[in-house]
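Below is one structure, written out as structure tokens; comments come after it.
The values are calculated or read from the model by the stated rules, or taken from the named source; none is laboratory data. Everything quoted here is computed from the prediction, not taken from an experiment. Virtual Cβ from ideal backbone geometry, glycine too; neighbours counted across all protein chains shown. Accessible surface areas use protein heavy atoms only, side chains included; no ligands, DNA or RNA. Shrake-Rupley method; radii C 1.70, N 1.55, O 1.52, S 1.80 Å.
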Amino acid sequence: MKGKLIVVSGPSGSGKSTATRLVRDRLQIPLSISATTRLPRTGEIDGKDYFFLEKEDFENRITNGEFYEYALVHGNYYGTLREEVESRINSGQNVILEIDVQGGLIVKEKNSEAILVFFKAPSMEILAKRLGDRKTDSKEVIKLRLANAKKELEYEKEYDYTVVNDNLEKACQELINIINK
């Protein structure tokens with residue numbers, strides 16, 4: 001029996017990373033590690049949090065067809081290596097991809113059985129506060145992330161489910177319910 005492919009997307013600050021991590025732990029779903037050209041944040045480990053690649057290496061892998069999906073987001077490439085997804089699904093494991101909205105739609109094109117879940121904050125004001133509270137980005141980057149969030153929200157209607165993350169525990173339970181359907 002094949003595993004399920006669940007895609008979780010949404011604006012930066014929507015809580016998708018935290019909720020996805022907690023749900024993966026609770027359901028014992030291994031992490032599908034994405035690749036990126038952005039620099040590691042404090043505490044992130046190559047091969048555990050992301051595969052941190054040089055831009056040239058990433059682009060060579062694109063040319064070689066090694067990505068299930070990829071996109072240029074906030075000036076950096078992000079992508080999911082094909083082998084990371086297909087080997088797990090074929091062995092019966094569920095896979096959760098936490099990727100941007102563009103990537104989510106690409107995944108749905110390649111795998112019509114993929115379940116797309118859109119995470120969002122209750123309001124743009126709350127989203128802005130969350131981004132500021134993280135203290136990981138400059139004011140310019142936060143401004144860019146908020147502008148991108150407005151564009152990303154337009155993709156919500158393309159997703160199978162929406163989770164409004166106004167309470168982390170409730171959002172986690174909603175995601176678990178979606179996976180277990």
Practice problem: Go through the stretch 1-17 and count every residue that is open to solvent by 50 Å² or more (accessible area, probe 1.4 Å) and either without any contact (Cβ under 8 Å) to a residue 12 or more places away in the chain or assigned to a helix (DSSP H, G or I) (or both). | Solution: 1
Quiz prompt | Members of the stretch 124-181 found to be among the polar types (S, T, N, Q), open to solvent by 60 Å² or more (accessible area, probe 1.4 Å) and either in contact (Cβ under 8 Å) with a residue 60 or more places away in the chain or not in a helix (DSSP H, G or I) (or both), listed by number | solution = T136, N167
Quiz item: Does the stretch 88-100 contain any residue that is assigned to a helix (DSSP H, G or I) and free of Cβ contacts under 8 Å to residues at least 60 places away in the same chain?
Solution: no
Quiz item: Does any residue of the stretch 111-125 turn out to be in contact with a helix residue (DSSP H, G or I) (Cβ under 8 Å, 6 or more places away or on another chain), under 27 Å from G47 (Cα atoms), β-branched (V, I, T) and at pLDDT 95 or above?
Solution: yes
Quiz item: Just a yes or no: is a residue in the stretch 22-43 part of a helix (DSSP H, G or I), at pLDDT 95 or above, open to solvent by less than 30 Å² (accessible area, probe 1.4 Å) and β-branched (V, I, T)?
Solution: yes
Practice problem: Kindly indicate whether E84 is open to solvent by 30 Å² or more (accessible area, probe 1.4 Å) and at pLDDT below 90. | Solution: yes
Practice problem: Only one of these is farther than 24 Å from A121 by Cα and buried (at least 22 other Cβ atoms within 10 Å of the Cβ): Y68, Y78. Name it. | Solution: Y68
Quiz item: Filter the stretch 109-123 for residues that are of a type in the set (G, A, S) and without any contact (Cβ under 8 Å) to a residue 60 or more places away in the chain; which is surrounded by the most Cβ atoms within 10 Å (Cβ to Cβ)?
Solution: S123
Quiz item: Of the residues that make up the stretch 62-79, is at least one under 21 Å from G3 (Cβ atoms), touching an Asp or Glu at 6+ places or on another chain (Cβ under 9 Å), assigned to a strand (DSSP E or B) and at pLDDT 95 or above?
Solution: no
Quiz prompt | Matching residues in the stretch 98-128 - criterion: being within 21 Å of G13 (Cβ to Cβ) and β-branched (V, I, T) | solution = I99, V101, V117, I126
